[in-house]
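Student: Take a look at this one; I'll ask things after.
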Amino acid sequence: MADVMVAVSGHGPEAAARRLSALTPVVEDDERDELVLQHPAFRHIEEDEVFLTETKTAEAETSTQKGADNQTDVDDVDCGESRDENGLNSDSEHYDEVYSDSNSESSDCESKEEDYETDLEFDEERWLYPERFDLDLTGKAKYIKTCEDMGISPTTYFIKHIQDRELKMKFHGLGPLRMKALSVPLQTNTNIEVLNLAGNAIDEPGAVCLTKVLRENFFITELVLAENKLGTEGGRAICEMLINNRNLYKVDLTANEIGDGAVPMICEVLYNNKLLKVLLLGNNQFEDEGARQLKAAISDNTTLEVLDLSWNNFKCKGANFLAEAVQENIGLKSFNMAMAGLGQDGAEALARALRENRTLLELDASLNRINVEGAISVARGVKENDTIKVLKLGSNPFDSKGAMVILEAVDMNDSSELQLLDFSNIMVKAGFARLAARLTEERGIRIVSEGVIPEVGRTNSARHNAFRSDPVGVFKAAAETASLDLGELMVPFMDEEYTVDIREFKTAINGAGLGLTVDQVNLVALRLSTDGRVQCRLLFDIPEREGGGSEGSREETLSSGRSEASGSAAGSRKSARSAR
């Protein structure tokens, strides 16, 4: 609205006293009415341009009354006519008050200045913190620009999957340079939560780039760097970042050639990081000294749930430290110490851990050189444990006897919670198989083994000696009893020299249903073979002759050989009956 200026002449107090405010119309009988109405402040205002609410009128009346009492001057602003030092305007009239719409232009100027300061403050924020105003949340544009600046081609797979929740880039051959380029968009990416960069030859500089990413990015919760080349220094860099990290709960550093030099940093992670739940450090180069340092950190940690230290360079002493750490820990639910070199002494420490630990649900102690005495110790721990659900003891040298002792301990423990008992690569006996079947049926326990050792039936020593003395004759007698034509059986496999590959011979005989054991078939094959081929001439008593015959002549020879072989077989049966 245009500024409204009202000027009241100061030629006497009567005129001022006869009006209530500066906005009240001038009294009609005042002789100076026309003078006032002709004032320049009124000449440019149309009737419909002046609109005052009741509130504004009341405020104006109050202001005017104060102006009449105090005769205060209004500051010089660029809002109309100017005054001289005596307070007179260009018409030599005194100003009582100067009014403008919205409480004068000075307030407009002040509000504009405030707006201007706000604009400066916003620009300053944008300049200081550009990432807050970055709309490229995936970092795709940054990645392409970075690759152009570095002179490398962008990885198409990364661009395609940059918005996925789980980014799997296993064995993409990134290397140090591409890893550096990849780090730029990952700093601001808000989509990726699981970052899998396994098998990409990421070395120490690449690990440093990743630490910068993980300090800036608060959305990545799982990091998989297995089968890279971080080394000890790269492992230290990752662990240094993990000490105060508050968003990663799973880190996989399997097979990265990390040695004992990184163990102090790993211990700091276990002491200080309360969010990390899964730490996989298998197949690295930790030794007994590293195990000694880890013992205290593992014992004190109460938040880590899964720890893998399998396939490192621990020996019996280091394995003992790990077993003692498990004994004192109250947070771990899964611990993998396969190929740790426990031995008998370590097995005793492991038994103590099984007796006292009440939080561990899964334990892998495979390939740990546990002998029968060690298995007996482990059995004592299993007998008293009522929490563990998965126990893996495969590939240990305690054989079927040790496996049976442990299984009997499970049978005697009525409160056992075992769901899987793994004896992979261990042969067991029939008694073990029967007990395992009963436990599976009654408790639902899954029991894994390499197989059942076949039990050799009780045989008469004379009968056994008869087979040993003439295995070929007994073999022929078994074929005749089964009405099996050996010549017809062997023809598809024989060459012109009447020889058969020893493996084909065993396969054919084992499938013929002669009732012979595998050992007996092997003995016959060895007795008849030369240089890995079974000589069927000896089997059918075919005499040696120069040159090879045709297929028809070979059939005729086999027929005549079979008649001779039948007589020999009859003699073998007679000797076998006399032996019985």
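Read-outs throughout are calculated quantities, based only on the coordinates presented, and are distinct from any laboratory measurement. As the structure is a computational prediction, the values presented were derived from the model and not from experiment. No Cβ is skipped: glycine too gets one built from the backbone with ideal geometry, and neighbour counts run over all protein chains shown.
Student: Starting at 0 and stepping by 10 Å, how many percent of the alpha carbon pairs of region 214-277 end up in each bin?
Tutor: 23, 57, 20, 0
Student: Then there is this: Under 25 °C and 0.890 mPa s, how fast does region 239-313 diffuse according to Stokes-Einstein, given a Kirkwood radius computed over C-alpha pairs? Answer in µm²/s, whole number. The partial results should precede the final answer.
Tutor: Numbers: Rh = 12.2 Å.
D, rounded to a whole number, is 201 µm²/s.
Student: Let me ask something additional. Under 20 Å Cα-Cα from residue 180, which lysines qualify once same-chain neighbours fewer than 8 residues away are excluded?
Tutor: The qualifying lysines are 140, 142, 145, 160, 168, 170, 212, 229.
Student: Something else: For residue 476, list the lysines whose Cα falls under 24 Å from its own Cα; do not include residues on the same chain fewer than 8 positions away.
Tutor: Cross-link targets: 506, 574.
Student: Any idea what diffusion coefficient region 138-199 gets from Stokes-Einstein, in µm²/s, Kirkwood Rh on alpha carbon pairs, 37 °C, 0.692 mPa s?
Tutor: Numbers: Rh = 11.6 Å.
Answer, rounded: 284 µm²/s.
Student: For residue 315, which lysines qualify as cross-link partners when the Cα separation must be under 17 Å and same-chain residues fewer than eight apart are set aside?
Tutor: Those lysines meeting the cut-off are 295.
Student: Also, I was wondering about something else. Please give me the summed charge of the neighbours of residue 387: other residues whose Cβ is under 12 Å from its Cβ, Lys and Arg +1, Asp and Glu -1.
Tutor: Net charge around residue 387: -1.
Student: Strictly greater than 25 Å: what percent of every Cα pair in region 373-514 meets that?
Tutor: 51 percent
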